[in-house]
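S.K.: The structure under discussion is supplied below as structure tokens; questions concerning it will follow.
No value in this document is a laboratory result; all are computed from the given coordinates. Just so we're clear, the structure is a prediction, and the values are computed from it rather than from any experiment. Here the Cβ is made from the backbone with ideal geometry for all residues, glycine too, and neighbour counts use every protein chain on show.
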Amino acid sequence: MPEATDFSARLTALEDREAVRELIARYGPLADAGDAQALAELWTEDGEYVVTGFATARGHAEIAALIEGPVHRQLMADGCAHLLGPAAVTVAGDVATARCHSLVLRHEAGSFVVHRVSANRWSFRRTAKGWRAVRRENALLDGAEAARALLKGV
Amino acid sequence: MPEATDFSARLTALEDREAVRELIARYGPLADAGDAQALAELWTEDGEYVVTGFATARGHAEIAALIEGPVHRQLMADGCAHLLGPAAVTVAGDVATARCHSLVLRHEAGSFVVHRVSANRWSFRRTAKGWRAVRRENALLDGAEAARALLKGV
Amino acid sequence: MPEATDFSARLTALEDREAVRELIARYGPLADAGDAQALAELWTEDGEYVVTGFATARGHAEIAALIEGPVHRQLMADGCAHLLGPAAVTVAGDVATARCHSLVLRHEAGSFVVHRVSANRWSFRRTAKGWRAVRRENALLDGAEAARALLKGV
């Protein structure tokens, strides 16, 4: 029954992309809700979140600490939004890569300003619990080549 | 033929997510095209759109009136964009929930400003005509806890 | 075996939408990485990119030239992000249409400003190499009716 195998492979290909996209889509709402634990669990237990020039967090506790920390808590108190752009996703077996922009908008003196504009490269791995982020690298798009390099095709 | 059932269920799971995402993706273009009727029809006939501190619209006529009203028409005349962030979507049988950010950008004196930055929680229902929004709640991310609460996981 | 046919058609419908969404999602990262050739190849060889009031590029060489040209290179040197909104996608056989917003954010004197806010209408065609853009039309949402018209439903 070759069709069945084919159907299953085609379904898996779509499900994998959907799962990766959903992980990315959850990041912003969880960050701005301040749900540090659920946000950290988007990553594998040994996952990394590298925010160039600000912090490198390794593992759930350190990633959660970014959300629990004073910089993020002040942003939340002021009013903020972590909005991600559409992600270009490449799946290859049990690993995947995604590239997208991200914005941080901040409420300030009664209006909203664009606080950060970044490039992001994510790596994902299929785990027993489903897809999880292994690494997210984020760099400010302030003209630096390092940020642009994160957006190059894979 | 267990595979067939399984394939069908897996397809339906993907189709449901796709349908919900498409409804959300249509909102911004329809709002900025001023297509009040098509926008209202993203909701069920008894659907609600709650814009905290501004309006609560119930049913197609009231939702369409938000787009036909003077606030939105002035925004369109000035130049505006209602841009939504990626939606974190949870489907459970015939209902679904989504959380996302939204921005309103406004053209003002020759440049663009960020007019509103909001949190959104959507509820959807599978109807005879396909998925439709039952409720969208929108609140300004100006530091208020009520807005952040809309983004919490479900 | 009607189920098999049905499964295949349902899979194809999802795959088509996924392919179109991926093409759109690649645009911003490729633009801001300065990868002119890969960006041009999102279009068919005779594809068009119409940026109202700025340029009409026809074919890969002209589309790549937009990315290689002085306006875009200056934006990259300053720091910029081409961020697209969620796309409302309609597939009909071997052609598809999508509508979405796009933002260009620019780094300027140490902060980020919203440089452009546009409406976009894309047309796609299924080719031997997969889905490709046939035409993208982009117009500034500065109050002009022409821009709003790009966002109307199809």
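S.K.: Cα axis of helix C:2-33 to longest principal axis of chain C: angle in degrees, 0 to 90, nearest 10?
M.R.: Computed tilt is about 10 degrees.
S.K.: Sticking with this structure for a sec: For peptide B:71-83, what's the mean number of Cβ atoms from other chains within 10 Å of each residue's Cβ?
M.R.: That average works out to 4.
S.K.: Which residue fluctuates the most in chain A, going by a Gaussian network model with Cα springs under 10 Å, if the choices are A:88, A:96, A:40?
M.R.: In the Gaussian network model the winner is A:88.
S.K.: Suppose each label sits 7 Å from its Cα in the direction of the beta carbon; what would the residue B:13-residue C:108 distance come out to in nanometres?
M.R.: For the pair residue B:13/residue C:108, the computed spacing is 4.7 nm.
S.K.: Still on this structure, I have one more. Quick check for me: using +1 on Lys/Arg Cβ and -1 on Asp/Glu Cβ, what's the dipole size of region A:4-149 about its Cα centre, in debye to the nearest 20?
M.R.: Dipole about the Cα centre, nearest 20: 260 debye.
S.K.: Could I ask something else about it? Across region C:94-110, in residue order, what do the Karplus-derived ³J(HN,Hα) couplings come to in whole Hz, using 6.51 cos²θ - 1.76 cosθ + 1.60 with θ = phi - 60° and x for Gly and Pro?
M.R.: Going residue by residue, I get 9, 10, 8, 10, 9, 10, 7, 8, 9, 10, 10, 9, 10, 7, 8, 6, x Hz, with x marking Gly and Pro.
S.K.: I would also like to ask the following. Among the aspartates and glutamates, which have Cα under 19 Å from the Cα of residue C:129 when same-chain residues fewer than 8 positions away are ignored?
M.R.: Hits, sequence-local ones excluded: C:15, C:16, C:18, C:22, C:41, C:45, C:46, C:48, C:94.
S.K.: Next question, about the same structure. With runs of 4+ DSSP H residues as the only contributors, calculate the mean residue ellipticity of chain C at 222 nm using -39,500 (n - 2.57) per run, divided by the residue total and rounded to the nearest 500.
M.R.: Result for chain C: -12500 deg cm²/dmol, rounded to the nearest 500.
S.K.: What is the projected area of the convex hull of the Cα atoms of region B:1-47, averaged over all directions, in nm²?
M.R.: 4.1 nm²
S.K.: Between copies, how far does the label point of residue B:55 sit from its twins, in nm, shortest first, when each point is 7 Å from Cα along Cα→Cβ?
M.R.: Relative to the other copies, residue B:55 has label-point distances of 4.0, 4.0 nm.
S.K.: Let me ask something else. Can you list, shortest first in nanometers, how far residue B:149 lies from the same residue in the other copies, with each label 7 Å from Cα toward Cβ?
M.R.: 4.6, 4.6
S.K.: Inside 10 Å of the C-beta atoms of B:21-27, what's the mean count of C-beta atoms belonging to other chains?
M.R.: Average per residue, whole number: 5.
S.K.: Oh, and also: Give me A:123, B:8 ranked fewest to most by other Cβ atoms within 10 Å of their Cβ, as a rough exposure proxy. Don't skip to the answer; put the middle values down first.
M.R.: On the way: A:123 17, B:8 14.
Going from sparsest to densest Cβ surroundings: B:8, A:123.
S.K.: Compute the long axis of helix C:59-68 from its Cα atoms, compare it with the longest principal axis of the Cα atoms of chain C, and write down the angle in degrees, 0 to 90, nearest 10.
M.R.: 40 degrees
S.K.: Could you tell me how far the Cα centroid of region B:34-71 sits from the Cα centroid of region A:79-154, in Å?
M.R.: 33 Å
S.K.: When each copy gets a label point 7 Å from Cα toward the beta-carbon at residue C:110, what are the spacings between them in nm, shortest first?
M.R.: Its label point is 2.5, 2.5 nm from the equivalent points in the other copies.
S.K.: Can you give me the P(r) profile for region B:11-154? Cα pairs, bins 10 angstrom wide beginning at 0, each as a whole percent.
M.R.: Once binned at 10 Å, the Cα pair distances of region B:11-154 give 12, 42, 35, 10, 1.
S.K.: Once the mean 1/r over all distinct Cα pairs of region C:97-154 is inverted, what Kirkwood radius in angstroms do you read off?
M.R.: Result for region C:97-154 stands at 12.9 Å.
S.K.: Two decimals, Cα atoms only, Kirkwood Rh: what is Rg/Rh over the protein assembly as shown? Intermediate values should be presented prior to the final figure.
M.R.: Values: Rg = 21.0 Å, Rh = 22.4 Å.
My calculation of the ratio gives 0.94.
S.K.: In a shell of Cβ-Cβ distance under 15 Å around residue B:78, excluding residue B:78 itself, what net charge do Lys and Arg (+1) and Asp and Glu (-1) give?
M.R.: 0
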